[in-house]
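Laboratory data are not the source of any read-out in this text; all were calculated from the coordinates shown. Since we're looking at a predicted model, the values are computed, not measured. Heads up, the Cβs are rebuilt from the backbone with ideal geometry, glycines too, and the neighbour counts pull from every protein chain shown.
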Amino acid sequence: MALLDIRNLELGIARGSELLPVVQGVSLAVEEDETLGIVGESGCGKSLTALAIMGLLEGTAVRIAGGTIHFQGRDLLALSPEERRRVMGAEMAMIFQEPMTSLNPVYRVGDQIREAILQHRSMSGRQAHQRALDLLELVRIPDPMRRIDSFPHQMSGGQRQRVMIAMALACDPKLLIADEPTTALDVTVQRDVLELIRSLQARTRMSVILISHDLGVVSETCDNVAVMYRGRIVEQAPTSTLFSNMSHPYTLGLLGSIPALDHDVEWLDAIPGRVPTLDEAVPGCAFHPRCFAAQGACRTVDPGAAAVSPAHFVRCHFPQGSSS
Amino acid sequence: MNVPLSIAPVFRGRALATIGMCWLVVVGIAAIGAPLLAPFDPLEFDPLVRLSDPGWPHLFGTDHFGRDSLSRAIYGARMAIVIGSGSVLIALVAGGLVGMLSAYFVRLGHLLMRIVDVLMAFPALLLALVLMTLLERSVLNTVIVIGIVYATTTARIVFGMTLKLKRDVFVDAAICSGAGHASVLFRHILPNLVSPMLVQASFIFAFAQLQAAALDFLGLGLPPEVPSWGNMLSEERIYVTRAPWLLIFPGALIILSVFSMNLVGDALRDNIDPRFKDDIAGV
Amino acid sequence: MLIYALNRVLTLVPTLLAASFLVFMFIHLIPGDPASILLGDTATPEEVAQLSRELGLDEPLWTQYVLWLGNVLQGDLGTSVFFREPVLSVIADGAETSILLATMTMFWIVLFGVPIGIVSAMRHGSWVDQATSGGAMLFASVPTFWLGLYLILIFSVGLGWFPSSGFPSIADEGGASNLRYLVLPSLTLAAPNAALIIRLIRASMLDVSREDHVRTARAKGLHPVRVAIKHIFRNALIAVSAAFGFTFAALVSEAVVTETVFSLPGIGRLVVQSILRRDYPVIQGVILVIVVFYTAINLLVDLAYASLDPRVSLK
């Protein structure tokens, strides 16, 4: 049984009395010790999916409208808030896109890591301190003895993201969700942080969901890839299969535009046009207005997910042939 | 460039603020139509009906001189509007000018804002008291004193907002295209300040009522014969056990009007440029 | 930190000097001869002439100011016309009442303001929030003397729970039980200020709750109450602490009205009575003392602010 099993997840933004769909029919599975990459442009629903898995949608305008999320065999959506909090930060942890603002500016980083440990583990303050030091060492912060007493504003973005990772690993989670962990960092630092996540995964055998707009990053890191467009998964396959046989025109477009930007991209140059806003109804395939291969049926009929090969699904009327 | 607030979206879904606005309209009507609406002369003594209970013909009762409380309350609306709008006018014009000029002309700003700092070293009520000791009790002087007190805070707020605007591209563009200082200040910067200053105005209007009432109470505000809600409270407070209605009606009028103005200000504030939201010192 | 503190103190010196000059000018702005004003109506011409010499009234204005400032710095604020006592000791007599009143008022403000503000922010949008923030705005709209009169009417005249006026000094007689005289006045003074604090705490906490680090805290699996207090309120406190300080500093002068309603022998009532008695030396002295106190508290607020926010101390 998969560690994480999402079936037909539906998310909607509450606007007045109606619910505007933002994520539709997303099904994903993550096995133990496996890395799943979710790729797409900003606004495709990848971050909201991550927040839904983590249980952080409360307090936002986004509601879960349907579907199930099973984690270690338990239905997360059926848990009480208290049971849910026992999973959050313990068996499942998350790091975010904005390391500069993701740490509380008024507490020392050591205190913030200790808080994550003591929330789920019963140990003495001294033991927690030692554990925090070990964690800082694990994420390769130089001079942890001194850094543990630093305030976030005294650290660089890369170091803060390392602290975030240390905090996420505080209770040895089974699943780490990394939402664009390197996007806000300098290009040189991006590599180090990705390499760190990869080596930590190899060491702890945890599963990772890596969310990115950069197909390049995902191809280097992940076992499986899901490509999202406008709230749906349009292509999903093991990384090697996907790269040997890209079927969805959107995925091809993503590959054509390897963005070397510091920030989440608003649109991709290689794909003409922009993502339609949520209010705009697009009949047929949601991608057809920007698709080079669009034909008659694409404009009227929404393509369902179809298997190209046993583990390779694509949502397209006219999947592209194998590329060489 | 943003257009001054339009009314409809401000009050949509805000029942309390809408009721508050309606109440302020009622106060405005009472102020304008006081001579027609008041059943008695607000200044006329009638020793035969001293401290009479609310009833017919004196709906709000009478005070210890036998004056009709309802008529005094209606004329009091006039004073409320005069004090409120007068203080707002002085505070916004003086404070607004000082703030804008200080932010725009840096060296002048050093001088003017230091003066504002010095005035702000005096707590608001104390500053008003000191100024009132130097001046005679009159409606005009009360308005001027309250206006000056709030001109200092307004100057500081407008100073901050103008600094933010000065960094904007459109101001640079205006300067580059050869616009004069006056043109940049009044045609490019001022229109952006109108909405936040309107919000500030509503809070000053509300605070001015409370300040004026406090001055009246201390015997340092309006001359005692002027029918204002503050004076009504001040003069009749010794009769509070014998004739509690004498304090309930004017008190309720002050509270209702200040509350309404605060509600309206609060509603307006939610509709201005979010950059300026934290600048406004309101409730 | 120490350098930061010294810096702040130094920037205040010119402001205080300018403010003291305004206070000095107060006597000169009143129509009439300053020496006769300071001595009151009963002074003989000889006394007036002597004081004129002491004040250097023949000298230029700035010499007079320097003379006056020199006296002030030595603690000589002049002599009260009414009490025939040094102004400083007249003010000192009112200090006990004023400081106790302000402290007790702050106690109520914190006791009611902080929890209500936190609950209002945590439940924002709910009926609890609408009731508390609406109620707070209503309380901020009530004239304090009106509230005070009705508290007297209900709790002193009606129920007889608290005395309605006066405050016998704790040092002289009665001991700490005299504090009951201050319950109603301090509640009166606290009401509008607590209302402002509630609304400020609510607004600041809502601002902080939208920041990214709050999501991080929730992702640790912390209980919502813990997130609200340790991560949201603690950060909002940086802005709110400044308001606490300003409120406390302003209380001494805001108490003017309350002390008058409850006939408390504090500095506030002293101002009003001195104005009505035309006791100008006392007015001048009280203004100066309040301005210095107000500025000092605001300085402490700045320093407290710096110590609450680790980001400031580096500057």
Shielding by other protein chains, A:284-290, mean Cβ within 10 Å:
0
Compare B:Ser228, B:Ser177, B:Ser69 in a GNM of chain B, Cα atoms joined below 10 Å, and give the one with the largest fluctuation.
B:Ser177
Taking beta carbons within 10 Å but only from partner chains, what does the mean come to for residues C:285-294?
3
Between A:Arg126 and A:Thr68, what's the calculated FRET efficiency when r is the beta-carbon distance and R0 is 56 Å? Round to 0.05.
0.85
Order by protection proxy (mean Cβ within 10 Å, highest first), peptides C:96-102, A:275-281, C:35-41
C:96-102, C:35-41, A:275-281
Rounded to the nearest 500 deg cm²/dmol, what is the calculated helix-only ellipticity per residue at 222 nm for chain B, with -39500 (n - 2.57) per DSSP H run of length n ≥ 4?
-21000 deg cm²/dmol
Efficiency by 1/(1 + (r/R0)^6): what FRET value for C:Leu69 and A:Asn8, r their Cβ-Cβ distance, R0 = 60 Å, to the nearest 0.05?
0.15
If you count the DSSP beta bridges with both ends in chain A, what percent of them are antiparallel, to the nearest 5?
60 percent
Full-stretch length increase - C:His28, C:Glu47 - with 0.36 nm per residue and alpha-carbon distance subtracted:
5.0 nm
Residue of C:Ser126, C:Ser169, C:Ser209 that the Gaussian network model of chain C assigns the largest fluctuation, springs spanning Cα pairs under 10 Å
C:Ser126
Need the full-extension length gain, C:Glu85 to C:Ser169, defined as separation in residues times 0.36 nm minus the C-alpha distance. One decimal, nm.
28.3 nm
C:Phe24, A:Phe96 arranged by Cβ crowding within 10 Å, fewest neighbours leading
C:Phe24, A:Phe96
Could you grab the relative contact order for the stretch B:73-188? Cα pairs under 8 Å, six or more apart, rounded to a whole percent.
38 percent
How high is the relative contact order of the stretch C:2-73? Use alpha-carbon pairs under 8 Å, at least six apart in sequence, and give a whole percent.
20 percent
Which angle from 0 to 90°, rounded to the nearest 10, does the C-alpha axis of helix A:125-138 make with the longest principal axis of chain A?
50 degrees
Given Cβ charges of +1 for Lys and Arg and -1 for Asp and Glu, the option among C:Ala203, C:Pro192, C:Phe139 whose Cα lies farthest towards the positive end of the dipole of the stretch C:119-235 is C:Ala203
Computed over the stretch A:99-170, the Cα gyration tensor eigenvalues, each multiplied by 5 and square-rooted, give semi-axes in Å (largest first) of 18, 12, 11
Please list C:69-75, A:249-255 highest first by mean number of surrounding beta-carbon atoms within 10 Å per residue.
A:249-255, C:69-75
For the protein assembly as shown, alpha-carbon Rg and Dmax in angstrom:
34.2, 115
Can you give the average number of partner chain beta-carbon atoms within 10 Å of each beta-carbon in peptide C:205-215, as a whole number?
4
Out of B:Ile19, B:Thr162, B:Pro227, whose Cα points farthest toward the positive end of the dipole of chain B (charges: +1 Lys, Arg; -1 Asp, Glu; placed on Cβ)?
B:Thr162
Using Cα-only point scatterers and the Debye equation, what is log10 of I(q)/I(0) for chain B at each q in 0.13 Å⁻¹, rounded to two decimals?
-0.90
Using only the alpha-carbon atoms, how far is helix C:45-55 inclined from the longest principal axis of chain C? Give it as 0 to 90 degrees, nearest 10.
50 degrees
Please find the FRET efficiency linking B:Ser138 to A:Ser80, where r is the Cβ-Cβ separation and R0 is fixed at 60 Å, and quote it to the nearest 0.05.
0.30
More than 36 Å apart - percent of Cα-Cα pairs taken over chain C:
34 percent
7 Å from Cα along Cα→Cβ at both A:Asp186 and C:Asp58: what's the point-to-point distance in nm?
7.5 nm
At 222 nm, what helix-only mean residue ellipticity would chain A give, in deg cm²/dmol to the nearest 500, using -39500 (n - 2.57) for each DSSP H run of four or more?
-9000 deg cm²/dmol
Where the only charges are on Cβ atoms (+1 Lys, Arg; -1 Asp, Glu), what is the dipole of chain B about its Cα centre, to the nearest 20 debye?
880 debye
Per-peptide average of other Cβ atoms within 10 Å, ordering B:195-208, A:283-296 highest first:
B:195-208, A:283-296
Select from C:Gly113, C:Gly160, C:Gly245 the residue whose mean-square fluctuation is largest in a Gaussian network model of chain C (Cα-Cα springs shorter than 10 Å).
C:Gly160
Separation of the B:Ser85 and B:Phe45 label points, Cα + 7 Å toward Cβ, nm:
3.3 nm
Percent RCO, i.e. relative contact order, over the stretch C:41-126, from Cα pairs under 8 Å lying at least 6 residues apart
10 percent
7 Å from Cα along Cα→Cβ at both A:Glu58 and A:Asp223: what's the point-to-point distance in nm?
3.1 nm
Could you tell me whether the stretch A:145-215 comes out rounded, prolate or oblate from its Cα gyration tensor? Rule is a ≥ b ≥ c as square roots of the eigenvalues, rounded for a/c under 1.5, then prolate if a/b exceeds b/c, otherwise oblate.
oblate
